[in-house]
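Below is one structure, written out as C-alpha cells, with a few remarks after it.
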There are 2 protein chains.
Amino acid sequence: MRNLTQDNITQAVIARFADTPDARLREIMTSLVQHLHAFARDVRLTEDEWFRGIEFLTRVGHITDDRRQEFILLSDTLGLSMLTVAMNNDKPAGCTEATVFGPFYVEGAPHYEHGADVANGAAGEPCVVRGHVRDLEGRPVAGARIEVWQADAQGTYDVQREGLGQAQARGVLVAGPDGGYHFRSILAESYPIPDDGPVGDMLRATRRHPWRPAHLHFMIQAPGHETLITHVFRNGDRYLDSDAVFGVRESLVADWVRQPDGSWLVEYDFVLNRAPAAPGQGAPA
Amino acid sequence: MRNLTQDNITQAVIARFADTPDARLREIMTSLVQHLHAFARDVRLTEDEWFRGIEFLTRVGHITDDRRQEFILLSDTLGLSMLTVAMNNDKPAGCTEATVFGPFYVEGAPHYEHGADVANGAAGEPCVVRGHVRDLEGRPVAGARIEVWQADAQGTYDVQREGLGQAQARGVLVAGPDGGYHFRSILAESYPIPDDGPVGDMLRATRRHPWRPAHLHFMIQAPGHETLITHVFRNGDRYLDSDAVFGVRESLVADWVRQPDGSWLVEYDFVLNRAPAAPGQGAPA
C-alpha cells in the first residue's frame, strides 16, 4: 500500500478497517472515512485550511471542561444534534416530541418536593410551572422522575457561573399519584449560547446570531416508558424561528401567562412513549 | 424555521450560513454540514453513539497540548492528512514528492553547521545523511533551508520525552553553494505512533497496528520554490506497505547502507518545485 493518490486513498483507508471485530463500529468508521474524504475532495481542502481546522478543533477541546461542553455546542450549531434527535425519536402521534439535550445538563441536581422553588436563588421573575405526565392512553405516570434545568434572567446556567457552590434553577421532582407536578422557578428568557469560544468565532464569521428562544429543559424518566429529553418553549419569543441550535418544535411552545400578582404561570402536560424494544434509546449518559 | 425533520434540517442549517461574507468559508461550511449530516443519516447514528463521539473528541482535545497533537494523529490515521497532501501537491514529474507533516514538528529547532551531529545525545546507531537540493532544471538551490526531525532508537521524538530540556534529533541546516548538505544523526527505526490515548483506543478497537516505517522528516524551504514537506523512508522496513498514516511514496524510499566501521550512510537528493502562483501553498504554520 504505497503511492496512494487522492483517487485511491479512501478505499485503502477503508480496507484498513476490514478486521474490526464489531460490525457496527466497522460500519461507522467506513462511512465516516467516506464522508470525511468526500468533504475534503468536494472543497479541495488546502493544507492551510486543514491546519486551521486542526487549530479550531484544538481550541474546542481546550475550552471544554466539566462545566462547558464546546463539542456539544458545535454539534448543536451545525444541526447534527437535532438531526440525531429527529432520527431517533420518531414517536407515535400524541407523544411529546423530543429536542436537543444541550451542553448544560449536569448530574447530581438536587431533589425537590412539589411546590418548592427550584430557582434556589437564581435571578429572575417568579414563575410557577405545573402539569401532568401521562402515557399514550392518557393514564397518569405516577412516580415519573422529572428533571428540569434552565437559565436565569441573565441567560446563564448555574454551571456557567464561576465560584457558585450550589445548583440553581435545576432540580428533580417525582410526579404524584395523578401524574401531576408543580414547582416554582423563574421566568424563562431568551439567551445567547456561550460565544466567547471557537463556536462563537464560527457564528460571528458566518454572520449567525447565537440566540436561543426562552425555554425550560426537561428530562422525564419512568419504568416502562421511553426517556423523554425535551424543552418547553415560551410563546412569543422573537427567536422561535431562528433558534441557534435548530431545536424548536411547534408542539413544544407554551404560553407563559402573567398573573394578577405579577408572577408568571406556565402549564404543560407531557405524554411519554412506551419503552423501546431495543436498548440504547435512553438518555445519552 | 420550526419543526425541522431529518428530511429538511440539512437545508435549513445550510440556509443559516447564507450570509457568510467570505465565499470560501461559506463553501466549506455548506459542504461540511452536508457531509456531516450524510454520515449521520447513512449509519442512522443513535443518540448513544453521538454521545460516545462527543466523549471521544473531548478526550482527543484534552490529551492535546504543546507537545502532543492528537487531532493531527487522528487526521493522519483516518487518511485525511495524506489525502490533503495528495490534493495539494500535484507536482511536475521530477520533483520530490510530498508526504504528511506529522504531529511532532516543533518550531525553534537548533541550527547546525554541515557535518554536525543533530542527534545531540539522542540514543541510536550513528548515521550520516547527505545529498543535494536542486531545482527542476538540475541547478543547485544554494542556501535552501533544510529542517530535519526524527525519532530515536526507542521510537520517540524529543518532544515526547518528559523533562528533556533540549532539542534532540532535530535541526536546521543551510544548503551550500552546490546545494549540498550533510549531517550526522542516528539510524531511523520503525516506531508506533503514540497509542496511549483515544487514537490508540481507536486503532485497538479496529485491530489496526500503530506502526510507521522508519523515516526522516524533512521540510525544505527556499525563495522562489515551493516548500517541500516530506519523509525519506528506509528501504527494507517491514511496515513500508502498511504505514499507520498512509504516507509512503515509492520515490521517497532510500537505502541506508552499513559502513565498514559499523555506522550507517543514507544519501538523498531533493528536487524542489517552482514557487506556486497562488498563496497558501507553503508550510501549514
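The values are calculated or read from the model by the stated rules, or taken from the named source; none is laboratory data. Since the structure is predicted, the reported quantities are computational estimates derived from the model, not experimental observations. Methodologically, a virtual Cβ is constructed for each residue, glycine included, from the backbone with ideal geometry; neighbour enumeration extends over all protein chains shown.
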Just a yes or no: is a residue in the range B:46-53 within 25 Å of the chain's Cα centre (by Cα) and either surrounded by fewer than 19 Cβ atoms within 10 Å (Cβ to Cβ) or assigned by TED's automatic domain parsing to the domain that holds B:ALA244 (or both)?
-> yes
The condition of being assigned to a loop (DSSP other than H, G, I, E, B), of a type in the set (D, E, K, R) and either in contact with a Gly (Cβ under 8 Å, 6 or more places away or on another chain) or over 29 Å from A:GLN259 (Cβ atoms) (or both) holds, among A:ASP178, A:ASP152, only for A:ASP152
Would you mention how many residues in the range B:68-104 are within 12 Å of the chain's Cα centre (by Cα), over 11 Å from B:ILE229 (Cα atoms) and not in a helix (DSSP H, G or I)?
-> 4
Of (1) touching a residue at least 12 places away in the same chain (Cβ under 8 Å); (2) within 30 Å of B:LEU216 (Cα to Cα), B:VAL33 satisfies every one except (2)
Residues being surrounded by 22 or more Cβ atoms within 10 Å (Cβ to Cβ), within 20 Å of A:ILE72 (Cβ to Cβ) and facing chain A (nearest Cβ under 7 Å) - total across the range B:62-97 = 2
How about the range B:33-44: which of its residues are surrounded by fewer than 18 Cβ atoms within 10 Å (Cβ to Cβ) and within 26 Å of the chain's Cα centre (by Cα)?
-> none
Exactly one of B:PRO198, B:PRO140, B:PRO213, B:PRO177 is more than 30 Å from B:THR58 (Cβ to Cβ) and within 14 Å of chain A (Cβ to nearest Cβ), and that residue is B:PRO213
Taking the stated definitions as given, is B:GLU137 assigned to a loop (DSSP other than H, G, I, E, B) and at pLDDT below 95?
-> no
Among residues of the range A:160-186 being crowded, with 19+ Cβ neighbours inside 10 Å and more than 13 Å from A:VAL118 (Cβ to Cβ), the residue farthest from the chain's Cα centre (by Cα) is A:GLY179
Quick check, is B:ASP195 in the same structural domain as B:VAL128 (by TED's automatic domain parsing), under 23 Å from B:ALA142 (Cβ atoms) and in contact with a Pro (Cβ under 6 Å, 6 or more places away or on another chain)?
-> no
Only one of A:ALA109, A:ALA116 is away from chain B (no Cβ under 13 Å), in contact (Cβ under 8 Å) with a residue 12 or more places away in the chain and farther than 28 Å from A:PRO276 by Cα; which?
-> A:ALA116
Within the range B:1-16, residues more than 7 Å from every other protein chain (Cβ to nearest Cβ) and modelled with pLDDT under 95 come out as B:ASP7, B:ASN8
Some residue of the range B:31-47 being more than 29 Å from A:ASP22 (Cβ to Cβ) and either at pLDDT 95 or above or part of a loop (DSSP other than H, G, I, E, B) (or both) | yes
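Right, A:GLY53: more than 7 Å from chain B (Cβ to nearest Cβ) and part of a loop (DSSP other than H, G, I, E, B) or not?
No, not satisfied.
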Looking only at the range A:190-210, which residues are surrounded by fewer than 18 Cβ atoms within 10 Å (Cβ to Cβ) and assigned to a strand (DSSP E or B)?
-> A:PRO192
Inside the range A:240-262, the number of residues satisfying the requirement of being in contact with a Lys or Arg (Cβ under 9 Å, 6 or more places away or on another chain) and either in a loop (DSSP other than H, G, I, E, B) or surrounded by fewer than 16 Cβ atoms within 10 Å (Cβ to Cβ) (or both) is 13
Residues satisfying the stated conditions in the range A:13-29, i.e. surrounded by fewer than 16 Cβ atoms within 10 Å (Cβ to Cβ) and not in a loop (DSSP other than H, G, I, E, B) | A:ALA15, A:ALA23, A:ARG24, A:LEU25, A:GLU27
Return the total of residues in the range A:251-265 being in contact (Cβ under 8 Å) with a residue 40 or more places away in the chain and either touching a Ser or Thr at 6+ places or on another chain (Cβ under 9 Å) or farther than 16 Å from A:SER185 by Cβ (or both).
-> 2
Flag for B:ALA144 being under 26 Å from A:GLU47 (Cα atoms), under 22 Å from the mean Cα position of the chain (by Cα) and at pLDDT 95 or above = yes
